[in-house]
Amino acid sequence: MDGGMRFVEEFRDPALGRALAGEILGAVEPGRHYKLMEVCGGHTHSIYKYGVDDLLPQNVELVHGPGCPVCVIPMGRVDDGIAIAREPGVIFACFGDMMRVPGSEATLLEAKAEGADVRMVYSPLDALRIARENPDREVVFFAIGFETTAPSTALTLKRAKAEGVPNFTVMCNHVLIVPPLRALLESPDLRLDGFVGPGHVSTVVGARPFHFIPADYGKPVVIAGFEPLDILHAIRMLLAQLAEGRCEVENQYTRVVPWEGNVRALEVMAEVFALRPHFEWRGLGFISQSALRLSDAYAELDAEERFPVPGVRVADPKACQCGEVLKGVIKPFECKVFGTACTPERPIGTCMVSSEGACAAYYNYGRFAREREVV
Amino acid sequence: MTPTPPPPAASTPSCDVQHGCITCGDEGVVMTVLALEDDGLGACAAPGGAREAVDLSLVAPVEPGDEVLVHAGVALVHLAAGEGEWTAA
């Protein structure tokens with residue numbers, strides 16, 4: 001018990017937080033506006049849960065990045081999942097938040113209400129267990145997530161293949177973190193000074209994949225943990241780089257993130273997955289080599305090979321501005337439907353569905369329609 | 001001219017905001033290894049949490065009592081003792 005809390009409580013210490021906030025205040029140049037993007041949805045959630053942004057000087061602005069896999073899933077993929085879930089005899093297993101993401105006509109939860117057998121699982125291993133327990137049914141796992149969930153899906157596929165579970169397949173929606181960051185950096189309407197890098201994605205991929213950001217775009221990156229002091233510390237490190245004219249990848253989250261990542265996880269992913277030539281991201285459009293499919297050696301376990309899928313591209317709802325929110329061009333409360341037509345209970349856009357989506361974080365922690373208060 | 005929003009999906013929230021979103025790639029949990037089992041699996045528990053089956057094959061070798069960072073049923077990092085101490089400020 002003590003061991004686990006060692007990783008939590010001391011990273012929420014108010015006195016240390018105030019000290020870091022003071023150091024940040026001392027590190028900013030008056031008159032300069034700093035725009036820092038936190039890539040990961042887990043950071044967005046922590047920032048609003050703990051009020052981290054209220055400890056920052058007014059000229060340090062946090063922009064919320066595309067790092068929530070639920071938020072970036074396009075409607076067409078949800079429709080494809082629902083089409084498979086409605087196939088006779090199918091048990092469709094997915095993570096909880098995914099069930100509430102609107103497709104063009106329904107959510108997976110509504111498909112369930114209409115009779116489809118959609119079940120919430122906590123890991124792909126649970127879906128494989130369901131397949132073993134129901135040999136007369138086809139069990140499909142809707143795989144979603146960045147490089148942190150991809151190893152879990154990959155290991156499950158290896159087990160399914162080794163055991164020869166014939167009624168288990170995966171609909172693969174795994175995405176990669178680097179291609180959308182490159183797309184954002186190429187975007188002409190976005191000016192950023194630095195990145196709070198994703199913590200747990202980096203446990204798998206390591207720090208090396210982020211080197212292109214300082215090398216090609218001249219922006220510093222600090223990989224950060226998820227407790228409030230982690231995020232404040234990372235912001236202080238970014239401001240120090242900017243003040244000293246340095247530009248590199250640094251690791252604030254050394255207690256968890258090894259510099260080289262998890263090589264074994266990368267090997268398993270390389271065996272089980274292959275790059276898709278392109279994949280659609282909500283609000284960001286098609287990004288080449290940004291997502292994973294099952295490799296040819298695992299094609300028999302690919303749900304898209306076993307079941308017919310519509311594969312139709314569906315435009316996002318016109319009223320929804322998730323795309324601009326994902327690119328950090330507008331704040332959630334600047335969206336026309338934020339908190340009125342679009343709420344966590346009745347979401348229009350995906351950013352309002354997942355608790356790690358920027359809109360849901362703003363809504364759940366009371367940031368309805370105001371700019372940050374001045375410290 | 002404000003565009004008319006489409007009819008919103010009628011659904012009930014199912015995620016627990018306080019504990020974050022299990023779907024996101026960065027919802028990791030620190031767990032203690034309780035026992036090793038066959039086939040790379042092991043029993044682990046988060047502080048105050050229930051015993052869960054976790055795939056330990058990506059962080060092996062580990063021993064009961066070790067701490068690991070778990071995501072979606074898979075341990076991704078073997079946390080060495082003492083690495084959680086705050087030394088930055």
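All of the numbers you see were taken from the coordinates with simple rules; none came from a lab. The structure displayed is predicted, hence computed values, not measured ones. Reconstructed Cβ throughout: ideal geometry from the backbone, glycine too, with neighbour counts over all protein chains shown.
Compared with the rule-of-thumb size 2.2 N^0.38 Å for a compact globular protein, the range A:86-185 has a Cα radius of gyration ratio of 1.15.
To the nearest ten degrees, helix A:263-272 and the longest principal axis of the Cα atoms of chain A are 40 degrees apart. Available extension along the chain between residue A:365 and residue A:86 is 96.8 nm, counting 0.36 nm per residue and deducting the alpha carbon span. By the beta-carbon count within 10 Å of each Cβ, the least crowded to most crowded order of A:187, A:354, A:123, A:290, fewest first, is A:187, A:290, A:123, A:354. Amide hydrogen proximity for residue A:302: with H placed 1.01 Å from N in the peptide plane, the residues at 5 or more positions away or on another chain lying under 5 Å are A:170. For the range A:149-282, what class follows from the C-alpha gyration tensor (a ≥ b ≥ c being the square roots of its eigenvalues): rounded when a/c is under 1.5, otherwise prolate if a/b is larger than b/c, else oblate? Prolate. Name the shape class, rounded, prolate or oblate, that the alpha-carbon gyration tensor gives for the range A:183-241, where a ≥ b ≥ c are the square roots of its eigenvalues, rounded holds for a/c under 1.5, and otherwise prolate holds if a/b is larger than b/c and oblate otherwise. It comes out oblate by the Cα gyration axes.
Peptide B:66-73 has a mean shielding of 6, counted as Cβ atoms of other protein chains within 10 Å of each residue's Cβ. Compactness of the protein assembly as shown is given as radius of gyration and Dmax, 21.3, 68 Å, from Cα positions.
Ranked by the mean number of other Cβ atoms within 10 Å of their residues, highest first, the peptides A:230-238, A:170-178 come out as A:230-238, A:170-178.
Averaged over the residues of A:345-354, the number of partner chain Cβ atoms lying within 10 Å of the residue Cβ comes to 4.
According to a simple spin-label model (label point 7 Å from Cα along Cα-to-Cβ), what is the distance in nm between residue B:39 and residue A:133? Going by the 7 Å Cα→Cβ label model, 1.5 nm.
Listing B:29, B:74, A:257 from fewest to most neighbouring C-beta atoms within 10 Å gives B:29, A:257, B:74. Here's the list of lysines a cross-link from residue A:336 could span, going by alpha-carbon distance under 22 Å and ignoring same-chain residues fewer than 8 apart: A:318, A:327.
For the range A:238-254, 3J(HN,Hα) computed residue by residue from phi via the Karplus equation (6.51, -1.76, 1.60; θ = phi - 60°) reads 5, 5, 5, 4, 5, 5, 8, x, 8, 8, 8, 8, 10, 10, 7, 9, 5 Hz, glycine and proline entered as x.
Local charge for residue A:160 was computed over the other residues whose Cβ lies under 14 Å away, with Lys and Arg +1 and Asp and Glu -1, and equals -3. Across peptide B:49-57, the average count of Cβ atoms from other chains found within 10 Å of a residue's Cβ is 3.
Only aspartates and glutamates eight or more places from residue A:112 in sequence, or on another chain, were considered; those with a Cα closer than 13 Å are A:87. Per-peptide packing, taken as the mean over residues of other Cβ atoms within 10 Å, places A:260-271, A:332-343 in the sequence A:332-343, A:260-271 from highest down.
Just round it to a whole percent: the fraction of Cα-Cα distances in the range A:210-365 exceeding 27 Å. The answer is 49 percent, as a whole percent. Residue A:314 sits among other residues whose Cβ lies under 14 Å from its own Cβ, and their net charge, with Lys and Arg +1 and Asp and Glu -1, is -1. Length gained on full extension, residue A:217 to residue A:12: 70.5 nm, using 0.36 nm per residue less the C-alpha separation. Among the chymotrypsin sites (Phe, Trp or Tyr not before Pro) within the range A:237-291, those in coil by DSSP and having at most 14 neighbouring Cβ atoms inside 10 Å are A:259.
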